[in-house]
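Down below is the structure, laid out as structure tokens.
Rule-based calculations on the coordinates, nothing more; no lab input. In this text the structure is predicted, and so the values were computed from the model without any measurement. Neighbour counts run over all protein chains shown; Cβ positions are idealised from the backbone, glycine included.
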Amino acid sequence: MNERDSEAVAAQLMAKGYGVAPDESQADVILLNTCSVRDSAEQKALNKMDSLAGQVRKHRPDTLLGFMGCMAQSRGEELIDQLPDVDLVLGTQKIHRAGQYLDDLFAGRRERVVDTDAEKGSEAAIREHLPETKNNSAGITAFVSIMQGCNQFCTFCIVPYTRGRERCRNIEDIVAECRGLVDDGVKEVTLLGQIVNSYGKREIESKDGKSAFVQLIEAVHEINGLERIRFTSPHPKGYGKDLVESYGRLPKLVENAHLPVQSGSDRMLKLMHRGYTRDRFVELVNQLRAVRSGIGVGTDIIVGFPGETEEDFEHTLSLCKQVKFDNAFLFKYSKRRDTPAASMPDQLPEELIEERHAHLMEVTDEIRQRKLQDYIGRRMEVLVEGYSRRNTERLEGRTRCNKIVIFEGGDRFIGQVLEVEIESATKTTLYGNPAIINLN
Ligand code: SAH
Ligand code: SF4
């Protein structure tokens, strides 16, 4: 989501005549987009800004420095007290105002801007995209923000405080943005939201048993020239029957689901306020796998939530072994201020969290690698996104189930859907050979 917000700000500024600087030392404006989900991300952004401020003061005193994103929202004015060289602090509902505020600052109309107010309609303001570039996935795949905020208030999470309550865009608006992207050559869209599958739950009525989210997917599915639809991040509780059964009838909806489970222990899930049980989660994964075999299932897990016992942790290990996630992002619990979990008893010592994190990583890595090996010898449908970031002599694309595939090939394949025969696999990536068949 942050990546998408950064893109929208860059596109907004380019439309005003700004250009992208080759590096920080030549930039007239440096905006840091910040994440507050974990403390380490905040510290990294603060250190980065401190070092930028030092360089700017010495070499380019007219350069404007700004923070945007969740930390800008939650800390506001406090950031300027801490780092007085900062000129702009832009809250999460204000990023569409970046250009206007920078104009004010450059023209000397204002000396500093801190704006973290809520703004009605801001959920519909993240719509600009950068123009196509052929050497990476920009131009072939695109993110589309369909809503902002979250109402779930998981007890560990700062997002509802930094991004505000859930607000959704309307279906026509989103479809028009997707259509514009496809007209510009985009082949795959990823619909974005904190609980993307609770989109429009309150604002848009169900129709023929179909939730607002399924109505939206169907409308996007109709766009000619669009090959693939993804969405992230769904919440297990947003997977109604209608969404599960969509995987069986909407071919552009790829067989991939990122389903953050957070823990395998019902006791932890309750304390986290996640709204599902382990059994319900497993049932959901089974339902999805039954509707679409080969569906890729990824997850997020928090290790060391307050009060997590050895037994709770064992439940998470056993869930991973049972479900066999294709990909698991593991996070060490990080205390976030003003969240209910921050004042829960039995906060775990760092060493124990480290130890459990390393143990779980070993288990999930092994499962992921074994699953990748199973692809060797199979033909997979790959959307070619551009040249490989690591080796610019080769092409890179993704399977429908979201595996990265690297293979030999030239310019003409970029943006095409090819069948690629998988020949080998490393820890994270598949390598293959394109078959002659072009599936476009
Ligand atoms: N809306 C999404 C995820 C948003 S944050 C969802 O509900 O699934 C992305 C991930 O960061 C979360 O899934 C969680 O695993 C992790 N996370 C959030 N708060 C955290 C915290 N305080 N400490 C550690 N990890 C956290
Ligand atoms: Fe945070 Fe929970 Fe909302 Fe996800 S669903 S953003 S983890 S509060």
Projected-area mean, the range 330-379, by convex hull of Cα positions, square nanometres:
5.2
Cross-link partners among lysines for Lys58, C-alpha distance below 24 Å, same-chain residues fewer than 8 apart left out?
Lys44, Lys48
Calculate, in nm to one decimal, what Asp374 and Lys237 gain on full extension: separation in residues at 0.36 nm each, minus their alpha carbon distance.
46.3 nm
Strictly under 4.7 angstrom between C-beta atoms: which cysteines of the chain have no such partner?
Cys35, Cys70, Cys150, Cys168, Cys178, Cys320, Cys401
How far is it, in nm, from the label point at Lys332 to the one at Gln82 when both lie 7 Å from their Cα along the line to the Cβ?
1.9
Amide H to amide H, which residues 5 or more places from Val114 or on other chains are under 5 Å from it, using H placed in the peptide plane?
Val89
Round to a whole angstrom and tell me the spacing of the C-alpha centers of the range 361-397 and the range 306-358.
28
Restricting attention to the alpha-carbon atoms of the range 1-147, what are Rg (one decimal) and Dmax (integer), both in Å?
15.0, 42
In Å and on Cα atoms, what radius of gyration and Dmax does the range 60-211 show?
18.0, 61
Calculated from DSSP helices alone, with each H run of at least 4 adding -39500 (n - 2.57) and the total divided by the residues of the chain, [θ]222 nm to the nearest 500 comes to -10500 deg cm²/dmol
Which one, Ser25, Ser388, Ser233, has the greatest fluctuation when you compute a Gaussian network model over the chain with C-alpha springs under 10 angstrom?
Ser25
For the Ser40, Ser343 Cβ pair and Förster radius 22 Å, calculated FRET efficiency rounded to 0.05 is 0.60
To one decimal place, what orientation-averaged projected area in nm² is obtained for the convex hull of the Cα set of the chain?
21.7
Using a Gaussian network for the chain with springs between C-alpha atoms less than 10 Å apart, which of these wobbles most: Met147, Met344, Met268?
Met344
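Which percent, to the nearest 5, of DSSP beta bridges fully inside the chain are antiparallel? Write down the numbers at each step before the final one.
Details: 24 of 61 bridges.
The antiparallel fraction comes to roughly 40 percent.
Going by how many other beta carbons lie within 10 Å of each one, how would you line up Val20, Val29, fewest first?
Numbers: Val20 9, Val29 17.
By the 10 Å Cβ count, ascending: Val20, Val29.
Working out 0.36 nm times the residue gap between Lys207 and Gln287, then minus their Cα-Cα distance, what length gain in nm do you get to one decimal? Intermediate values should be presented prior to the final figure.
Working: separation 80, 0.36 × 80 = 28.80 nm, distance 2.27 nm.
Separation in residues times 0.36 nm, less the Cα-Cα distance, equals 26.5 nm.
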From the phi angles alone, apply the Karplus equation (6.51, -1.76, 1.60; θ = phi - 60°) to the range 227-243 and give each ³J(HN,Hα) in whole Hz, x where the residue is Gly or Pro.
9, 9, 10, 10, 8, 7, 9, x, 10, x, 6, x, 8, x, 4, 4, 6
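Starting with the highest mean, order 236-243, 83-90 by the number of other Cβ atoms within 10 Å, averaged over the residues of each peptide. Intermediate values should be presented prior to the final figure.
Values: 236-243: 17.8, 83-90: 20.2.
Peptide ranking by packing, descending: 83-90, 236-243.
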Quick one: of Lys120/Lys252; Lys120/Lys201; Lys324/Lys403; Lys210/Lys324; Lys403/Lys427; Lys210/Lys403, which pairs are farther than 21 Å apart, Cα to Cα?
Lys120/Lys252; Lys210/Lys324; Lys210/Lys403
Taking only the C-alpha atoms, wrap a convex hull around the range 132-203 and report its volume per residue in Å³ as a whole number.
100
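Using a simple charge model, +1 on the beta-carbon of Lys and Arg, -1 on the beta-carbon of Asp and Glu, nothing else, what dipole does the range 103-187 show about its Cα centre, in debye to the nearest 20? Each step should come with its number before you reach the end.
Details: 12 positive and 15 negative charges, 50 e Å.
Around 240 debye, computed over the range 103-187.
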In Å, the Kirkwood hydrodynamic radius of the range 302-440 over pairs of distinct alpha carbons?
17.4
Enumerate the aspartates and glutamates that Lys241 could reach by cross-link, defined here as Cα to Cα under 13 Å, with residues fewer than 8 away along the same chain left out.
Asp208, Glu283
Name the long-range amide H neighbours of Phe143: under 5 Å, sequence gap of 5 or more, or other chain; modelled H, no Pro or chain starts.
Thr190
Run the simple label-point estimate for Asn2 and Asp115 please: 7 Å along Cα→C-beta, distance reported in nm.
2.2
